[in-house]
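Written below as structure tokens is the structure these notes are about.
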Amino acid sequence: MHPTRPVSRIVRALMACAASAAVATVGLASSPAAAAPAESATATQVQPGDACTAADLGTRHPYIKSTEVSPTITHFKGWYVTEGTTGSHTVTTSTETTITVSVGLSGKIEGTFPVEALKSAGASLGLDVKVEYSSTSSESNAVVWNFNQPGYYGAYKGTKKVTGTYASLNCNRSLQSDGSWALKWAEGAGSGSFTTYTTLEEGAVRCQDTVPVGSIMAKAQGLLDCGSAAAKAEHPAGAVAPTPEQKRERLAQRPALTSGTSSEQPKATGRSERAALDCQAQVYKFAVPGKPLSWGAPVLASDGVRLRPSTIFSAHLDNWRLCNVTENNGVLEASLWNWGNGGCATIAEQNAATDRAVLMTATCTEDDLQRFYIYRDVPGSSMVGVQNKYTGSMMGHDRYADGEFIRQYSSGRQDGTGTYALIEV
């Protein structure tokens, strides 16, 4: 038997992660890590414990913790070919499994972090996988095949389903055994699961065909239930009713979307009563290192946090306090309260899944959209990276300019512009 058109096979590799751009110099000579920017560790796959620089404080990268590959039949139909009915047939298959590409909370693949996670997973397995939002069809799907021998066939479309878990790696200070400090990639906030698949393959297989163990074709052959009396019986030419094995496969299928995240998945609780904050006495600016612009909160609730110069007219909108502060493995977690407008920094709930969403302020509540992780440079340096707890995205800006918005970026800003100086006022 042979197809009337070339069988769909795995095509060329999607472009490998072209890793990060050159790391920018980020001021403060008191920081050994920031003194001489080196090529980012993300030029190759970042691993826990690798060295990073102060420019990496505002970035994050996925770390693939586990993977599993399973041949999966997406569409299938038993088909019987009798003497005199060989030749080309168009077989309308039934849906067995629908696989949707997903990373973390949803199937919306937006931003560089989920794409990098999928590319890393594919690279670790030596497979070409889908790295954008896509789904195998949930509709009936035709397979055109040239059947040149009589027999009981399974016409199928299938793929390799790739699932696994990932963690988030962030750059942060690490105390060494000799008492010194260094910047290293360490597991930070944000973990979850992913699902993707390889290019669809189509074909037809008989019970008596010898096929590679563990292949997509072998999976399709298993759906024929070749040992049963029904499989060996004579049938009229054409479609054959689903086998018990095929029915069991359909019942066993779980929803394709993997929303699973770590057991510590933060929650967006929505707006409620104003929270009573325990704020530190110190007042800070989140400044662009070595330059006069810093985070300035808006006067209007509909506006966002922007880069602004600090002047006598700033009205404390450039002044922030860290509130309800906790520390875990050297990483601070805090709410950022603005002295000027009395609000807390937040990502608006409706924009939580959107890359480049603008940082805003709102009434302070017990909400993980208003909680931030602060990754710090070695002692003596004021360099920090800021990450939203709920979204996992890093704060940064597109360009250095008065009035430029502070935004969230799923992997941060690879040019170092997501690294700020936390300066005590």
When the residues of the range 168-202 are filtered to those that are under 26 Å from residue 45 (Cβ atoms), outside any strand (DSSP E or B) and touching a residue at least 40 places away in the same chain (Cβ under 8 Å), which remaining residue is least open to solvent (accessible area, probe 1.4 Å)? 198
Exactly one condition in (1) modelled with pLDDT of 90 or more; (2) at positive phi; (3) in contact with a helix residue (DSSP H, G or I) (Cβ under 9 Å, 6 or more places away or on another chain) is false for residue 104; which is it? (1)
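Could you check the range 405-421 and list, in sequence order, the residues that are in contact with a strand residue (DSSP E or B) (Cβ under 7 Å, 6 or more places away or on another chain) and open to solvent by less than 30 Å² (accessible area, probe 1.4 Å)?
406, 408, 409, 411, 412, 418, 419, 420, 421
Out of the residues in the range 198-236 that are more than 30 Å from residue 124 (Cβ to Cβ) and of a type in the set (Asp, Glu), state the one that is modelled with the highest pLDDT.
Going residue by residue through the range 198-236, those that are more than 30 Å from residue 124 (Cβ to Cβ) are 204, 206-210, 224-236.
With the extra rule that they be of a type in the set (Asp, Glu), the set shrinks to 209, 225, 234.
Working: 209: 92, 225: 79, 234: 68.
The qualifying residue modelled with the highest pLDDT is 209.
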Step by step: first the residues of the range 74-89, then only those that are at pLDDT below 95, among the β-branched types (Val, Ile, Thr) and out of contact with any Pro (no Cβ under 6 Å at 6 or more places or on another chain), then the one that is most open to solvent (accessible area, probe 1.4 Å). Which residue is that? 86
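Hey, could you check the range 374-389 for residues that are more than 19 Å from the chain's Cα centre (by Cα) and of a type in the set (A, V, I, L, M, F, W, C) and say which is farthest from residue 182 (Cα to Cα)? Break it down into steps so the answer makes sense when it comes.
Here is the first cut: in the range 374-389, the residues more than 19 Å from the chain's Cα centre (by Cα) are 374-385.
Going one step further and asking which of them are of a type in the set (A, V, I, L, M, F, W, C), we end up with 374, 378, 383-384.
Values: 374: 16, 378: 6, 383: 13, 384: 14 Å.
In this case the residue turns out to be 374.
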Subset of the range 376-425, residues closer than 18 Å to residue 282 by Cα and either among the basic types (Lys, Arg) or touching a Gly at 6+ places or on another chain (Cβ under 6 Å) (or both), comes to 376
Hits in the range 404-419 (condition: under 19 Å from residue 308 (Cα atoms) and charged (D, E, K, R)): 404, 407
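For the range 279-289, how many residues meet the condition of being assigned to a loop (DSSP other than H, G, I, E, B) and either aliphatic (A, V, I, L, M) or modelled with pLDDT under 95 (or both)?
First, pick out the residues of the range 279-289 that are assigned to a loop (DSSP other than H, G, I, E, B): 280-283, 288-289.
Then keep just the ones that are either aliphatic (A, V, I, L, M) or modelled with pLDDT under 95 (or both); that gives 281, 283, 288.
The number of residues fulfilling the criteria is 3.
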The condition from (1) under 24 Å from residue 51 (Cα atoms); (2) among the hydrophobic types (A, V, I, L, M, F, W, C); (3) open to solvent by 10 Å² or more (accessible area, probe 1.4 Å) that residue 384 misses is numbered (3)
If a residue has to be more than 20 Å from residue 96 (Cα to Cα) and assigned to a strand (DSSP E or B) to count, how many in the range 128-167 make the cut? 7
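Among the residues of the range 94-112, are any in a helix (DSSP H, G or I) and within 23 Å of residue 412 (Cβ to Cβ)?
Initial filter on the range 94-112 (in a helix (DSSP H, G or I)): 112.
Among the residues that remain, those that are also within 23 Å of residue 412 (Cβ to Cβ) are: 112.
Yes, the range 94-112 has at least one match.
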Filter the range 303-334 down to residues that are touching a residue at least 60 places away in the same chain (Cβ under 8 Å), within 18 Å of residue 421 (Cα to Cα) and in contact with a Leu (Cβ under 8 Å, 6 or more places away or on another chain), then give me how many there are. 5
Note on the range 342-376: residues closer than 25 Å to residue 316 by Cβ and part of a helix (DSSP H, G or I) are 369, 370
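The values are calculated or read from the model by the stated rules, or taken from the named source; none is laboratory data. Note that the structure is a prediction, hence the values are computed from the model and not measured. Here the Cβ is made from the backbone with ideal geometry for all residues, glycine too, and neighbour counts use every protein chain on show. Remember, those area values only see protein heavy atoms, side chains included, never the ligands or the DNA or RNA. Shrake-Rupley method; radii C 1.70, N 1.55, O 1.52, S 1.80 Å.
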